[in-house]
Amino acid sequence: MHSPADILSSACGPIGVFDSGYGGLTILKGIRQLMPEYDYIYLGDNARTPYGTRSFEIVYEFTLQAVKKLFDLGCQLVILGCNTASAKALRSIQQINLPQLDPTRRVLGVIRPTVECIGSLTKTKHVGILGTVGTIKSESYPIEIHKLWPDVQVTGYACPMWVPLVEYNEFTGEGADYFIKKDIDGLLSQDPDIDTIILGCTHYPLLWEKIRKYTPSHIHLISQGDYVAKSLKDYLERHPEMDTRCTKKGSCRFLTTESVEKFEESAVIFLGQEKVAVQHISLE
Ligand code: DGL
């Protein structure tokens, strides 16, 4: 006789990657480069982006809807490719919802894997975090960094205009230069000894060229994709029971809550691919 848990735990499916919009594509790209053999479903809640200025309750509600949708589509493992959702919803989903939904599935975030690299990168032990209002106010980065590196001084700075610049295709314009320079200067004026800056929002690597242009060259900029990818690979090596439940045919589907045409247009640029297959879905 199989128990319900045994039956559930033998289910297989793609790895789900979720973000409020396009940002999680920077995480997906890193993961697929390292682990191209796995199947993936990317879900962007572009219709309701940005999450960064929304309340805890709303970010939790929207993120839970996305996780449930990815579970319905067969994902056994979901990565919240979004710092705001990782900061505001991950713990509640892991502790409150997963035990009821399916205790054998997993939902992982992007903050912890990013924080793990910090101690070996900063020489001055002064680290800056650029993120959404939600991520910075949650204090998740200083809390997680201090668990591993208590002597590192952490300064957070919210950049509420950066996500809309990406979502509304303004990432190459002069408006982007204005806001990026202003916010980097704002962060460094709070702590001039910073030698390492974490781009603590998965949208920000899409603004990389301008961020690099306005950041002094001695400062190390950290984009999360590669760190999250390495951490996921390590997780799957340590958890063969989950690895066997992740299907491996090298496929990738894209889902958006907004216009399919707009998603296709932007995803092709952000992923550097010729074509992406996108479907519309509703989360409400
Ligand atoms: N890309 C997301 C993050 O990493 C969220 C951006 C937003 O929706 O405000 O925080």
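Couple of notes before you dig in:
- Qualifying positions in the range 17-36 - within 10 Å of the chain's Cα centre (by Cα) and either more than 22 Å from Q65 (Cβ to Cβ) or among the β-branched types (V, I, T) (or both): V17, T26, I27
- Considering the conditions (1) outside any helix (DSSP H, G or I); (2) farther than 18 Å from L121 by Cβ; (3) out of contact with any strand residue (DSSP E or B) (no Cβ under 7 Å at 6 or more places or on another chain), P150 is excluded by exactly one of them, (2).
- Test: residue in the range 97-105 that is within 12 Å of the ligand (Cβ to nearest atom) and in contact (Cβ under 8 Å) with a residue 40 or more places away in the chain: no
- The numbered conditions (1) among the small types (G, A, S); (2) assigned to a strand (DSSP E or B); (3) buried (at least 22 other Cβ atoms within 10 Å of the Cβ) are all true for A85 except (2).
- For first residues located in the range 211-238 and touching a residue at least 40 places away in the same chain (Cβ under 8 Å) and among the basic types (K, R), partners that are surrounded by 20 or more Cβ atoms within 10 Å (Cβ to Cβ) and part of a helix (DSSP H, G or I) and lie 6+ apart or on another chain with Cβ distances below 8 Å form the pairs K230/P113.
- Annotation note: of Y51, Y38, Y22, the sole residue that is part of a loop (DSSP other than H, G, I, E, B), crowded, with 17+ Cβ neighbours inside 10 Å, away from the ligand (no atom under 16 Å from the Cβ) and hydroxyl-bearing (S, T, Y) is Y38.
- One residue stands out among those in the range 125-135 that are more than 10 Å from the ligand (Cβ to nearest atom) and surrounded by 24 or more Cβ atoms within 10 Å (Cβ to Cβ): the one that is farthest from G200 (Cα to Cα), which is V127.
- Within the range 153-172, being farther than 18 Å from P50 by Cβ and either over 23 Å from the mean Cα position of the chain (by Cα) or in contact (Cβ under 8 Å) with a residue 60 or more places away in the chain (or both) holds for one residue alone: Q153.
- Residues located in the range 139-192, provided they are surrounded by fewer than 18 Cβ atoms within 10 Å (Cβ to Cβ), within 14 Å of the ligand (Cβ to nearest atom) and of a type in the set (A, V, I, L, M): M161
- Here the condition is being surrounded by fewer than 15 Cβ atoms within 10 Å (Cβ to Cβ) and modelled with pLDDT of 95 or more; of E241, E284, it holds for E241 alone.
The values are calculated or read from the model by the stated rules, or taken from the named source; none is laboratory data. Worth saying up front: this structure is predicted, and the values here are computed from it rather than measured. Note: ideal-geometry Cβ built from the backbone for every residue, glycine included; neighbour counts use all protein chains shown.
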